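Please read the structure below before turning to the comments.
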Amino acid sequence: MSDPIKKPDRPRVPIPPAPTRAPINSRVPGAGLPLPAPEPLKPLPPGDFENFCKGVKDLLGVDLSLYKRKQMERRARGLASRNHAETLTEYLHMLQKDAILLDRFMERMTITVSQLWRNTDIFDAIEQEILPELDARADGRKLKLWSAGCSYGAEPHTLAAICLEMGNKLSRTPQIKGTDINPRMIERARRGHFSEEDARDAPPRLLQKYFDKVPGGWVAKPSIKQLLTFKVEDLFASKTDAVDLILFRNVAIHFERERRDQVHEILARALMPGGILVLGSTEMIVNPSAIGLERVRPFVFRKVDQEAF
Ligand SMILES: C[S@@+](CC[C@H](N)C(=O)[O-])C[C@H]1O[C@@H](n2cnc3c(N)ncnc32)[C@H](O)[C@@H]1O
């Protein structure tokens, strides 16, 4: 019997060496000429980055100095030079005068990126396990859910759609708060308008049930809007407390370690005993027990209920 896996022998043809790929620059007119040496990065005038951070904070309320400096500075400088600004101070002046450029700056810094049903798996876990468990513990009390650092509101709108979809599996419809330090994002969140790109991972049935189609995207129906409130709030000065579920995803990811630990502690304090904190899919808390949390599953932490012991 012939071996079904063995392919019929073919005459052996020597394999020619892989063609060497011309560098991109040599495929344009002038190919063959030596590539110009990359321009060395000009040193920034002293205080340029600090001045830029202060200006951005005044403009948007966003404190870039909380983030990893190297990363922020590299991105900001890249954007500045693409806009033909020689220094960050010059770029800041451009941002102060141009709202569209400002929005683009925020997006490119990836500080405000979001989408509906971002990382769908976690929303399945919230619907099937986390909310039923929290509801059972709440004993008829209305659950308080918080999307901390909600950007333009995709995350709390997703939560609201899920809560409505759960219907009477929950004893009461939860209240959902979205907060962000950036007033422009909160203004957008209140509008509840999302692009096609924002909706790319949304389950089509739920998207059509809870959002109306509009040219270029989707707008939240009043049924989900009425569950939501939005507020401009700096997490480091937050007064929010007694929350059952906090979604804190992709906010502290670029923060310096010390600031990240600090904000985790603030959020742990804001939780009800037994409450749940959900982080983004690449984030972690190094020592959860130090702030009264226990790890339930990857990226999900529960506030230890001291009274249960
Ligand atoms: C990348 S978005 C994350 C949006 C959403 N949580 C998600 O995962 O899709 C991060 C948001 O955190 C906000 N943020 C950063 N620092 C903050 C602070 N100190 N207080 C409140 N919000 C903050 C930013 O303004 C931005 O809109």
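The values are calculated or read from the model by the stated rules, or taken from the named source; none is laboratory data. Because the structure is a prediction, the values reported are computed rather than measured. As a convention, Cβ positions derive from the backbone with ideal geometry for all residues, glycine included, and neighbour counts pool all protein chains shown.
Observations on the model:
- Top-ranked residue in the range 118-148 [being part of a loop (DSSP other than H, G, I, E, B) and more than 10 Å from the ligand (Cβ to nearest atom); ranked as surrounded by the most Cβ atoms within 10 Å (Cβ to Cβ)]: 143
- Failed condition for residue 98, given (1) touching a residue at least 12 places away in the same chain (Cβ under 8 Å); (2) more than 15 Å from the ligand (Cβ to nearest atom); (3) of a type in the set (D, E, K, R): (1)
- Qualifying positions in the range 159-185 - within 9 Å of the ligand (Cβ to nearest atom), assigned to a helix (DSSP H, G or I) and modelled with pLDDT of 95 or more: none
- Filter result (under 20 Å from the mean Cα position of the chain (by Cα) and of a type in the set (Val, Ile, Thr)) within the range 114-136: 120, 122, 126
- Considering 94, 106, the condition of being surrounded by 14 or more Cβ atoms within 10 Å (Cβ to Cβ) and over 22 Å from residue 252 (Cβ atoms) is satisfied by 94 alone.
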